[in-house]
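My structure is below; once you've seen it, I'll send some questions.
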Amino acid sequence: MANMAQALRMALHYAEEKLGVTDIFGEDVGPPLGGVFTCTQGLRTTWNSPLDERGIIGMAMGIALAGGRPIAEIQFCDYIYNTVDLLKLAGNTCWASNGQWNLPMVVMTPVGSGIRGSIYHSHSFDASATHIPGWKIVMPSTPLDAYGLMLAACKEQNPVMFLIPKALMRIKGEEPIPGEPGEDKALSRLIDAPLGDRSQWKAQWPDTGEVGIDIGQAKVVREGRQVTVVSYGRTMPLCRSAAEVLAGEGVDAEVLDLRTLWPYDWATLKASIEKTGRVLFVNEDTEVTNFGEHLVRRTTDELFYQLLAPPKLLAGKFVPGIGLADTLETASVPQEHDVVQALRELATQAP
Amino acid sequence: MARDAKKLEVVKAAKQGKKPAAAKPRRTSRPEAKVAQPAAVTAAPKPQPVSAFKPIITRSDELPLDRALLLRIHDTMVKARCLEERLIAMYKSGHGYFWIGGPGEEAFNVPLGLLIKKGEGPAFDYLHFHYRQSATFLALGEEPLGAIRQMKNTASDPYSGGRNFAGHFSKREWNLCPVSSPIEVQYAMAPGTAHVQKRFGGDGITIVTGGDAGTAEGDFASCLVWSSRPGQELPVLILVTNNRWGISTPYGQVQGVERLSDRGAAFGMRTKTIDGNDPISSYLELKEAFEYVRTERKPYLVEANVSRLFGHSSASGANLIKGEPDCLELFEEKLAAHGVLSRADAKALRARYVEEMAELARQAKEEPLPDGSTIWEHVYFGEGPPDPLPKG
Ligand SMILES: Cc1ncc(C[n+]2csc(CCOP(=O)(O)OP(=O)(O)O)c2C)c(N)n1
Ligand SMILES: [Mg+2]
């Protein structure tokens, strides 16, 4: 089954053929490389940009202003920070013009740790992105969700920030994308660019279709009765396996994949938290002014009297970077054992 | 030589980038201190020594534009000046929180507006302006009431509904992209609209304007890089109005480049520095640049030397600054000397516009502010308020 990079490639192909996407561009996005994570190999509308992140975001905004439908890639979210005022501008263009202008554009960027990327290839961007109103922000944790959310993003009338957890980029999915060949090697032969000379190579696209995933829908990944854990991106699979570990200890955890950070699916979160009375939010961005803190605040404000324990946040340590050494990275961002421990404590906490 | 024949010759010379033989400086007593150097056209890529630049026009006894156009330019310049003076008066009498605008740049901004191909979509020109371009907007045919309403931040402000500062226009029907406060971001977006236009075909171009100090931002360099990629050159008219100030910082203190237009030469683009205080020169120079960008589908960088007549903004008092050449005053002098428009008629026109703007301001003063509950509108295009937010 497709991994996330392949799923995104198939979604981008669908989007440029059927959803009116006009330009997929960024540093090394076009041939021959097709993106440093291979997400843009074999596509028709890709091109290589100058090495200029502000120029990339500005170009996307200009294309969108003129009626095009761009998808811009920032090679690593670590390098998106010098574009923040342009991201703010993209987020406020509709509002500032009192509804006259809109920017149908997607910015996609790999985020987070997990590939031993050291200080400048391990950053998260969800805390910063959720400080910028006017955007829709998504972050899939499976290839199928990546595929579906990319299609949804390409139908949007508003700017969409598409955060790709790079640690999950090469993990194969468990649910097929409708139309993809059943056998892994067959898919690779169709859509992975060959090593060496690629000048004559053309992708053979499987006939994939719509999957009905919209922006703003969380997913119940595992049903449970005693404690809720809400996550997205790299830490999502850790929460799933932590729930299985705890099931062995007699703790029944419900696992939610938020998938869209903004505007998020409060109805699904609320229903789960009301059921279990206990909630743990998990992500790997630095924990001070973290998006999970907003979710904790909302939970406290709206569901206080239904809670059996204080809502908790497990997130990255508030340190300036993620160090290269394995010991430093694992000490900085949540690992499976951290989730197990936090969930266990929360599930058994009594006044 | 008959006036018309002379005019033809000058225009012809202008087309060829030559100096007309008979053209001589007419007045020597003009205040030259802040007036631009003569217009100069470069044939990029090779930067040329300053002395080799050939002016399109020089001062002449005759005016190289026809009377109707001269009068139209003058009329719009007066209208724009009266609008800005009214906005300043509104600020000073408590009918607005902040003023910023373009009095002193009319001689450049009006011809610019007259040369724009106005409309919606990539077949027409995309406009990425900054906050000193009311005169361009009026030259496009906009009514001044909108600017007055924006100054008063009324709900009826057609550009931002009371959300943004004076001079921060936006008009989608005319491809006028929202003017925003962060300096220079428009230069990062301009290649994007031009990219769509190049692919679309036709003769629509992108026009981007900003000040001299802002060219130090990386976005200006981005614009030069992205619009001059080999084989992918973009139809962008890159304009810089050089008033030799960034708020309180003089140009010479922070910019080592003698002429900002020279920065384009390294990118192989056509460049020139023009006299933005002279509407005739501005018109002809801009026309040549417009035609080049429209037909060649390649960038052109034009620097216009202009005045800043009322200082930076209301933050510096918005009072008339002495010693800056006033382009309107100079133009009226010229029109009178050439028998195009008498001093008395110019004065009467001004009086009419003064009264018209005062009346519009009286009207706007009665209009309501936007309701506080409207803050939730237009967060997203075509959608109601974002769902997860408490609305209270
Ligand atoms: C990115 C940014 N930095 C600083 C400011 C504050 N600011 C507003 S106008 C201005 C000076 C601009 O000078 P220039 O580009 O020459 O344009 P002018 O106002 O002279 O026309 C500054 C520093 C801003 N608006 N945006
Ligand atoms: Mg300036």
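The values are calculated or read from the model by the stated rules, or taken from the named source; none is laboratory data. Note that this is a predicted model, so its numbers are computed, not measured. Note that each Cβ is placed from the backbone with ideal geometry, even for glycine, and that neighbours are counted across all protein chains shown. The protein model used for the area step is the full one, side chains on, heavy atoms only, and it has no ligands, DNA or RNA in it. Shrake-Rupley method; radii C 1.70, N 1.55, O 1.52, S 1.80 Å.
Heavy-atom accessible area of B:TRP226 with all protein chains present, probe 1.4 Å, nearest 10 Å²?
Its accessible surface works out to 0 Å², give or take rounding.
So what's the gap between the Cα centers of segment A:5-38 and segment B:323-382, to the nearest angstrom?
49 Å
Separation between the A:ARG297 and A:TRP205 pseudo-spin-labels, each 7 Å from Cα along Cα→Cβ, expressed in nm?
Those two pseudo-labels are separated by 4.2 nm.
Where in segment A:25-58 does the label zone of A:ASP197 land, with the point 7 angstrom along Cα→C-beta and an amide N cut-off under 20 Å?
Under 20 Å, as judged by backbone N against the label point of A:ASP197, lie A:31-34, A:42 of segment A:25-58.
Of B:LYS79/B:LYS334; B:LYS171/B:LYS198; B:LYS117/B:LYS171; B:LYS171/B:LYS347, which pairs sit farther than 20 Å apart, going by alpha carbon to alpha carbon?
Long pairs (Cα-Cα over 20 Å): B:LYS171/B:LYS198; B:LYS171/B:LYS347.
Determine by what factor the alpha-carbon radius of gyration of chain A differs from 2.2 N^0.38 Å, reporting the quotient.
Here the Cα radius of gyration is 0.98 times the empirical estimate.
Taking segment A:4-191, how many lysine pairs are there with alpha carbons less than 16 Å apart, if each pair must be eight or more places apart or span two chains?
Lysine pairs meeting the criterion: 4.
Moving to a separate point now. If exposed GluC sites (Glu not before Pro) are those in a DSSP loop with at most 16 other Cβ within 10 Å, what is the longest stretch of chain A that has none?
No qualifying site falls inside A:1-173, the longest such stretch.
Probe of 1.4 angstrom, ligands and nucleic acids ignored: what's the accessible area per residue over segment B:65-370, in square angstrom?
About 33 Å² of surface per residue is accessible.
Which percent, nearest 5, of DSSP beta bridges in segment B:65-370 are antiparallel?
Here the antiparallel bridges make up roughly 10 percent for segment B:65-370.
Measure nothing fancy, just the Cα-based angle from helix A:143-153's long axis to the longest principal axis of chain A, in degrees from 0 to 90, nearest 10.
Roughly 70 degrees, rounded to the nearest 10.
Across 20 Å bins from the origin, how do the percents of Cα pairs in segment B:65-370 run, short distances first?
35, 59, 6
Also: Taking each pair of different alpha-carbon atoms in segment A:219-348 once, compute 1/r for the pair, average those values, and report the inverse of that mean as the Kirkwood hydrodynamic radius in Å to one decimal.
14.6 Å
With both partners inside chain A, how many of the DSSP beta bridges are antiparallel, as a percent to the nearest 5?
Around 15 percent of the beta bridges assigned by DSSP in chain A are antiparallel ones.
Quick check: the angle from helix A:235-247's long axis to the longest principal axis of chain A, C-alpha only, nearest 10 degrees?
Between helix and principal axis, roughly 30 degrees.
Follow-up question, since we're still on this one. What percentages, rounded to whole numbers, describe P(r) for segment A:72-182 computed over all alpha carbon pairs with 10 Å bin width beginning at zero?
Result, from short to long distances: 14, 42, 31, 12, 2 percent.
For segment B:292-365, evaluate the Debye formula with one uniform point scatterer on each Cα (no solvent term) and list log10 I(q)/I(0) at q = 0.16, 0.26 Å⁻¹, rounded to two decimals.
-0.93, -1.11
Determine how many Å³ per residue the convex hull of the Cα atoms of segment A:147-298 encloses.
167 Å³
List the residues of segment B:186-206 whose accessible area drops by at least 10 Å² when all protein chains are present, compared with their chain alone, using a 1.4 Å probe and counting only protein heavy atoms.
SASA drop of 10 Å² or more in segment B:186-206: B:ALA188, B:MET189, B:GLY192, B:THR193, B:HIS195, B:VAL196, B:ARG199.
Now for a different question. Given a cut-off of 36 Å, what percent of all Cα-Cα pairs of the protein assembly as shown lie beyond it?
For the protein assembly as shown, the fraction of Cα-Cα distances above 36 Å is 50 percent.
How many partner chain Cβ atoms sit within 10 Å of a residue's Cβ in peptide B:370-380, on average, as a whole number?
The mean count of partner-chain Cβ atoms within 10 Å per residue comes to 4.
Nearest 5 is fine: what % of DSSP beta bridges in the protein assembly as shown come out antiparallel, could you say?
15 percent
On to the next question. Which three extents, in angstrom, do the Cα atoms of segment A:4-191 have along their principal axes, listed largest first?
50, 39, 29
Here's another thing I want to ask about it. Summing both sides, how much accessible area is buried between A and B? Use a 1.4 Å probe and give Å² to the nearest 100.
That pair hides around 3600 Å² of surface in total.
Give me the percent of accessible area attributable to carbon and sulfur for segment A:4-191, probe 1.4 angstrom.
Answer for segment A:4-191 is 57 percent, counting heavy atoms of protein chains only.
Mind checking the mean number of beta-carbon atoms from other chains within 10 Å of the Cβ atoms in B:116-126?
1
Just to verify a number: what accessible area does B:HIS378 come out at with the full protein assembly present, 1.4 Å probe, Å² rounded to tens?
In the full protein context, B:HIS378 sits at about 60 Å².
Hey, another quick one. Counting only residues 5 or more places away or on other chains, whose amide H sits under 5 Å from the amide H of A:ASN48 once H atoms are built in the peptide plane?
A:GLY30
Rolling a 1.4 angstrom probe over the protein chains, ignoring ligands and nucleic acids, what is the accessible area of A:ASP78 in square angstrom, nearest 10?
10 Å²
Roughly what angle does helix A:4-18 make with the longest principal axis of chain A, taking Cα atoms, 0 to 90 degrees, to the nearest 10?
Helix A:4-18 sits at roughly 50 degrees to that axis.
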